[in-house]
Amino acid sequence: MRSSNRKIVYLTLAIAVIFIIYAFYFTTTKSSSDDEVKILFIGIDGADWEMIGSLVEQGMLPNFERLIKSGASTKINTNEKGGSAVYWTTIATGQHSKKHGIKGFVYDDPSTKEEEKIPYTSNMRKTKAFWNILSEMNISVGVVGWFITWPVEEVDGFMVSSYYGVKDTEQLTWKGTVYEDTPDMVYPDTLDDRIDSLIQIAKNRSYQDIRDIIKPSALKSTSLTLNEMKWAFVADEIYNEIGIDLYKEKRPRVFAVYFNGLDVVGHRFTSKSEKEQREIESKYGDVQRNYYLHMDSVVGQFINLSDRNTIIIVASDHGLMRGEHTNNGVFIISGPNIKENIFLERPINLTDVTPTMLYLMGLPVPEDMDGQVFKDVISKEYLDENEVVYIDSYGMREIAGVTPNRTQFDAEIVERLKSLGYLN
Ligand SMILES: [Zn+2]
């Protein structure tokens, strides 16, 4: 009698527990997010499969590994010329430079003297980037640090332009440069104060964090190489801080963030010559490897904030090994409607990225984009249920200018580009 009573109590308890778990699961999955598909895009300039492959094999990039195993990966084919400023604009527009109008790092006006070259600015882009299209289609978007986005653009969401960084004598940054007193770096400008405080946090943290990347004993050096590395790193720390903060708080449906440090490291801390490579490593440590490890943790921070309806994309614009660009850049995509655990033979083109994102967001693909939906990474079920819908065009940008906007820091930026070997 007593034992059968106990059985009933246990049974009732068990049913109650199952019910509570079920109710909890049901309500949290309902409230954590609606069923809308989202995209988290992490752009890493110069990320190369050769390094990622080898470090993943050694178990040193757990977050890259997680993404690769859960999603579809392939090389990105740099079907463009003119350097990273052009490539990232090509990724963002799905069009070649002939259409989008950004043709290099600096505006090449034949009447301009060499020393008066002006960095390209966003008003020179003639065609719409994905953030313009999404905004017009009422899909919220957040963009942080993307190349050639100063002056910042009005979007349905927020944007922090590529000129955000820090300016002081030691840590002048570009591809992330805050030149104080330069307007139009943040949209909406109600975020200005918040961004300023995030910059301070990131800047302070970077003094410590850089010790994971460069041998602390080498940090006192005042070499140009080291200074370049410092500003690139501070810029990445700032975009990381701002990106995490705004992504967490604003939850845009499409969020994109760009990091430049791996490219700078590849250009300055690796070499074709094995002898030179050994010298660099004995002085500074294995800076390139350390930076990949750092980027893995950055990728992990963003992934951990995304929900289960989020398609995660990690992409570079080209690869970079032994001091030279390669055509071995990365494209990794994972999430709903994406194939799992597959490495594809066929590469995606820079121009295919935006058409593919538009299709995955349920939007029509414009015929005036040079790329196509890269179906190889998308699940058969999604392809079967969602025919690609084409339209002629999303139209041109009305505000496109004929010359770049000027800042009082143009000469400094051009100098820095030259010192990095980006200009001849
Ligand atoms: Zn690049």
Worksheet item: Thr270: within 16 Å of the ligand (Cβ to nearest atom) and under 25 Å from His318 (Cα atoms), yes or no?
Response: yes
Worksheet item: What number of residues within segment 299-330 are within 16 Å of the ligand (Cβ to nearest atom) and either of a type outside the set (A, V, I, L, M) or over 18 Å from Ala72 (Cα atoms) (or both)?
Response: 14
Worksheet item: Which residue, of Ser122, Ser140, is in contact with a Ser or Thr (Cβ under 6 Å, 6 or more places away or on another chain) and among the small types (Gly, Ala, Ser)?
Response: Ser122
Item to complete: From Ser221, Ser206, Ser271, grab the single residue that is in contact with an Asp or Glu (Cβ under 9 Å, 6 or more places away or on another chain) and assigned to a loop (DSSP other than H, G, I, E, B).
Response: Ser271
Worksheet item: From the list Ile333, Ile338, Ile342, which residue is away from the ligand (no atom under 16 Å from the Cβ), within 16 Å of Asn63 (Cβ to Cβ) and in the same structural domain as Trp49 (by TED's automatic domain parsing)?
Response: Ile333
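Being more than 16 Å from the ligand (Cβ to nearest atom), closer than 26 Å to Gly157 by Cβ and in contact with a Phe, Trp or Tyr (Cβ under 8 Å, 6 or more places away or on another chain) is true for just one of Phe259, Phe255. Which residue is that?
Phe255
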Practice prompt. For segment 348-400, name all the residues that are basic (Lys, Arg) and under 24 Å from the mean Cα position of the chain (by Cα).
Written response: Lys375, Arg397
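For (1) among the β-branched types (Val, Ile, Thr); (2) touching an Asp or Glu at 6+ places or on another chain (Cβ under 9 Å); (3) under 23 Å from Asp263 (Cα atoms); (4) within 16 Å of the ligand (Cβ to nearest atom), each residue gets a yes or a no:
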| residue | (1), (2), (3), (4) |
| --- | --- |
| Ser54 | no, no, yes, no |
| Pro62 | no, yes, yes, no |
| Ser70 | no, yes, no, no |
| Glu80 | no, yes, yes, yes |
Discussion item. Can you find, within segment 83-99, the residue that is nearest to the ligand (Cβ to nearest atom) among those that are hydroxyl-bearing (Ser, Thr, Tyr) and touching a residue at least 60 places away in the same chain (Cβ under 8 Å)?
Written reply: Ser84
Item to complete: May I ask you to list pairs of residues, at least six apart or on different chains, whose Cβ atoms are under 8 Å apart, with the first in segment 297-321 being polar (S, T, N, Q) and the second being within 16 Å of the ligand (Cβ to nearest atom) and in a helix (DSSP H, G or I)?
Response: Ser316/Leu262
Discussion item. Residue under question is Tyr359, and the condition is that it be touching a strand residue (DSSP E or B) at 6+ places or on another chain (Cβ under 9 Å), buried (at least 20 other Cβ atoms within 10 Å of the Cβ) and modelled with pLDDT of 95 or more; does it hold?
Written reply: yes
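The values are calculated or read from the model by the stated rules, or taken from the named source; none is laboratory data. Note that this is a predicted model, so its numbers are computed, not measured. Glycine gets a Cβ as well: all are built from the backbone with ideal geometry, and neighbour counts include every protein chain shown.
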